[in-house]
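Notes for the one structure printed next.
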Amino acid sequence: MSEVWIGAISALLGSIVGAIVVMFQTYFSYKEKQEERRERIIFKGIDRLNRDEVERSIGISIIEGLKIEDKDELDIVIPALASQALFLLLHTKKNKSRVEFSNWLRIMELLKSPEWLDENYPYLWEELANAFVKKMDNDTEYGIEMASQTLNMWASSYGVDVESHGAFINRPNAT
């Protein structure tokens, strides 16, 4: 083979390898930017949870729209949502707005099932179960307003014995 052909083939192979390397770099750069964008969106959603009822609703919508399944993302979002659920249930000032009750229901849906929460975040399950007991026993000016039947339904789904007003809490995943 002549030196010209060897040079041409070498240049062609070098170009192909270079193009492949550039494609991989572009792909990984794209994926990295996508992950950074997703993280920014998650943190914007979480940041809005700590504001007024309308901003909280927007934050919940952001989190709902992301369909979070990644464990690292869940480890950030689930405690923030549980904290908001506790705040709304026990500490927010009562008002006539049903927006906060709607926010609380949407948060509870995002927290998945009580069994899932107990299995993956047992300390959060325990906090919510105890919050239901406190809410059942304590009628103050704090916490979202909800019908006693609704409170009892949610409390019993978290293992609270509603007949004895929380004297017994049954863990869903206790062995």
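The values are calculated or read from the model by the stated rules, or taken from the named source; none is laboratory data. Just so you know, these numbers come straight off a predicted model, no measurement behind them. Virtual Cβ from ideal backbone geometry, glycine too; neighbours counted across all protein chains shown. Calculation scope for accessible area: heavy atoms of the full protein, side chains included, ligands and nucleic acids excluded. Shrake-Rupley method; radii C 1.70, N 1.55, O 1.52, S 1.80 Å.
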Discussion item. From the gyration tensor of the Cα coordinates in the chain, what semi-axes in whole Å does the equivalent ellipsoid have, largest first, with each one equal to sqrt(5λ)?
Written reply: 53, 19, 9
Worksheet item: For Ile144, Ile76, Ile62, what's the largest-to-smallest order of accessible area, 1.4 Å probe?
Response: Ile76, Ile62, Ile144
Item to complete: May I ask you to give the solvent-accessible area per residue for the chain, in square angstrom, as obtained with a 1.4 angstrom probe?
Response: 63 Å²
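Given the -39500 (n - 2.57) contribution per DSSP H run of 4+ residues, what per-residue ellipticity at 222 nm results for the chain, rounded to the nearest 500 deg cm²/dmol?
It comes out at -23500 deg cm²/dmol, rounded to the nearest 500.
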Worksheet item: In whole angstrom, and with the biggest value first, how far do the Cα coordinates of the range 66-128 range along each principal axis?
Response: 36, 26, 17
Worksheet item: Against the longest principal axis of the chain, how steep is helix 99-110, in degrees 0 to 90 to the nearest 10, with axes from Cα atoms?
Response: 60 degrees
Practice prompt. Show the residues, 5+ positions off or on another chain, whose built amide H is closer than 5 Å to the amide H of Val160.
Written response: Asn170
Worksheet item: Rounded to the nearest 20 Debye, what is the dipole magnitude of the chain about its Cα centre when Lys and Arg each give +1 and Asp and Glu each give -1 at the C-beta?
Response: 540 debye
Worksheet item: Listed here are the pairs Lys71/Lys94; Lys93/Lys134; Lys94/Lys134; which of them are more than 26 Å apart at the Cα?
Response: Lys71/Lys94
Worksheet item: What ranking do 123-132, 104-113, 49-58 get when scored by the average of other Cβ atoms within 10 Å per residue, highest first?
Response: 123-132, 104-113, 49-58
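Over the chain, what percent of the accessible surface lies on carbon and sulfur atoms, probe 1.4 Å? Could the numbers behind the result be given before it?
Working: 6270 of 10970 Å².
Reported share for carbon and sulfur atoms: 57 percent.
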Discussion item. If I fit a long axis through the Cα atoms of helix 71-86 and take the longest principal axis of the Cα atoms of the chain, what angle between them do I get, 0 to 90°, rounded to 10?
Written reply: 20 degrees
Worksheet entry | Centre separation in Å (Cα based) which lies between the range 136-162 and the range 6-21 | 70 Å
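Under the classification rounded if a/c is under 1.5, otherwise prolate if a/b is larger than b/c and oblate if not, where does the range 25-85 fall, given a ≥ b ≥ c as square roots of the Cα gyration tensor eigenvalues?
prolate
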